[in-house]
Amino acid sequence: MTYALKAPTREKLMRVGTANIANVLLKHGFKNVMMHGIFPIDASQPQLVGPAYTLRFMPSREDLDNMTNYSRNDNMHRRAIEECPEGAVLVIDAFGNTKASSMGDMMAARLKYRGVSGVVTDGGYRDSPAIHAVGLPCFQKHNAPPATPIALHPIALNEPVGCGGVAVYPGDIIVGDGDGVVVIPQALVDQVADEALDAFEYESFAALQIQQGHSIFGLFPATEDSRKEYSIWKCAQQQEG
């Protein structure tokens with residue numbers, strides 16, 4: 001499994017929105033790509049882009065899940081923090097459970113130090129204000145302050161998971177912004193990045209036209225004629241730049 005993401009592709013994905021990406025993926029036949037009910041812990045946090053490294057939880061059980069066992073170095077939750085690759089996004093499948101924390105600020109600080117790009121869970125975090133202060137882009141269902149072993153047992157690392165109702169395979173590309181989180185199949189990422197950036201730049205042209213009084217008809221969605229006008233506008237912009 002590779003966690004490499006070409007620098008130009010990453011730069012493109014850092015510029016575009018998750019809505020643009022979801023629309024592009026729909027054209028490729030992928031309908032269920034936006035995680036449901038997953039939002040940034042703070043609207044001001046940076047865009048998140050990176051390949052997925054996964055952790056899966058299941059419901060806890062009292063004879064196995066306690067703070068003593070949780071403190072062991074072979075605990076998969078703690079291993080995920082030390083083993084998630086640099087540049088990757090830790091995707092935590094908490095099966096929607098917010099009765100206990102999927103992560104806290106100390107784990108977020110360690111991931112930030114190790115160069116991990118960010119974390120996504122369909123559960124929740126404890127110490128969310130402190131996580132935001134760490135500067136690691138993180139997305140969750142909503143805050144979950146109680147200790148992890150109360151409700152969550154880590155069962156698998158780097159296997160296919162479901163998060164926010166979306167299938168995530170290790171190495172899939174995760175993009176998160178103010179709208180939420182989208183999942184791009186790894187094999188399509190370069191093509192999707194190109195198409196999403198083109199859509200984003202066309203929208204800049206369309207927004208300018210609307211500001212100048214142009215009707216949305218014949219402009220958005222794009223038509224053959226409006227694409228020709230956009231090409232002329234884009235060439236002019238490049239010459240001016």
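The values are calculated or read from the model by the stated rules, or taken from the named source; none is laboratory data. The shown structure was predicted, so the numbers you read here are calculated from the model rather than taken from an experiment. No Cβ is skipped: glycine too gets one built from the backbone with ideal geometry, and neighbour counts run over all protein chains shown. Accessible surface areas use protein heavy atoms only, side chains included; no ligands, DNA or RNA. Shrake-Rupley method; radii C 1.70, N 1.55, O 1.52, S 1.80 Å.
Please determine, by comparing only the residues of the stretch 3-32 that are open to solvent by less than 70 Å² (accessible area, probe 1.4 Å), out of contact with any strand residue (DSSP E or B) (no Cβ under 8 Å at 6 or more places or on another chain) and over 14 Å from Gly180 (Cα atoms), which one is modelled with the lowest pLDDT.
In this case the residue turns out to be Ala7.
Out of Phe139, Phe200, I need the residue that is under 30 Å from Lys228 (Cα atoms), outside any loop (DSSP other than H, G, I, E, B) and either modelled with pLDDT of 95 or more or open to solvent by 60 Å² or more (accessible area, probe 1.4 Å) (or both). Which one?
Answer to the selection: Phe200.
Confirm whether Ser231 is surrounded by fewer than 16 Cβ atoms within 10 Å (Cβ to Cβ) and not in a helix (DSSP H, G or I).
For Ser231, the condition - surrounded by fewer than 16 Cβ atoms within 10 Å (Cβ to Cβ) and not in a helix (DSSP H, G or I) - is not met.
Suppose we keep only residues that are out of contact with any helix residue (DSSP H, G or I) (no Cβ under 8 Å at 6 or more places or on another chain) and open to solvent by 10 Å² or more (accessible area, probe 1.4 Å) within the stretch 166-184. Which one would you say is nearest to Gly87 (Cα to Cα)?
Pro170
Matching residues to (1) at pLDDT below 95; (2) over 21 Å from the mean Cα position of the chain (by Cα):
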{"position": "Leu64", "(1), (2)": "yes, yes"}
{"position": "Tyr70", "(1), (2)": "yes, yes"}
{"position": "Ala80", "(1), (2)": "no, no"}
{"position": "Asp93", "(1), (2)": "no, no"}
{"position": "Ala100", "(1), (2)": "no, yes"}
{"position": "Met103", "(1), (2)": "no, no"}
{"position": "Met107", "(1), (2)": "no, no"}
{"position": "Arg110", "(1), (2)": "no, no"}
{"position": "Val116", "(1), (2)": "no, no"}
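When both residues are 6+ apart or on different chains and their Cβ atoms are under 6 Å apart, which pairs have a first residue that lies in the stretch 27-41 and is touching a residue at least 60 places away in the same chain (Cβ under 8 Å) and part of a loop (DSSP other than H, G, I, E, B), and a second that is of a type outside the set (Phe, Trp, Tyr) and open to solvent by 50 Å² or more (accessible area, probe 1.4 Å)?
Final answer for the pair search is His36/Gly165; Gly37/Lys141; Ile41/His132.
In the stretch 204-228, what residues are assigned to a loop (DSSP other than H, G, I, E, B) and either open to solvent by 80 Å² or more (accessible area, probe 1.4 Å) or more than 19 Å from Val16 (Cβ to Cβ) (or both)?
Correct list: Gln212, Gly213, His214, Ser215, Ile216, Phe217, Gly218, Leu219, Phe220, Pro221, Thr223.
Looking at the stretch 142-178, which of its residues are part of a loop (DSSP other than H, G, I, E, B) and touching a Pro at 6+ places or on another chain (Cβ under 9 Å)?
Matches in the stretch 142-178: Ala151, Asn158, Glu159, Pro160, Tyr169, Pro170, Gly171, Asp172, Gly178.
Could you list all residues from the stretch 40-51 that are surrounded by fewer than 17 Cβ atoms within 10 Å (Cβ to Cβ) and out of contact with any Pro (no Cβ under 7 Å at 6 or more places or on another chain)?
Listed by number, the residues that qualify are Asp42, Ala43, Ser44.
Across the stretch 55-88, which residue is surrounded by the most Cβ atoms within 10 Å (Cβ to Cβ) among those that are of a type in the set (Ser, Thr, Tyr) and within 24 Å of Cys163 (Cα to Cα)?
Per the criteria, the residue is Ser60.
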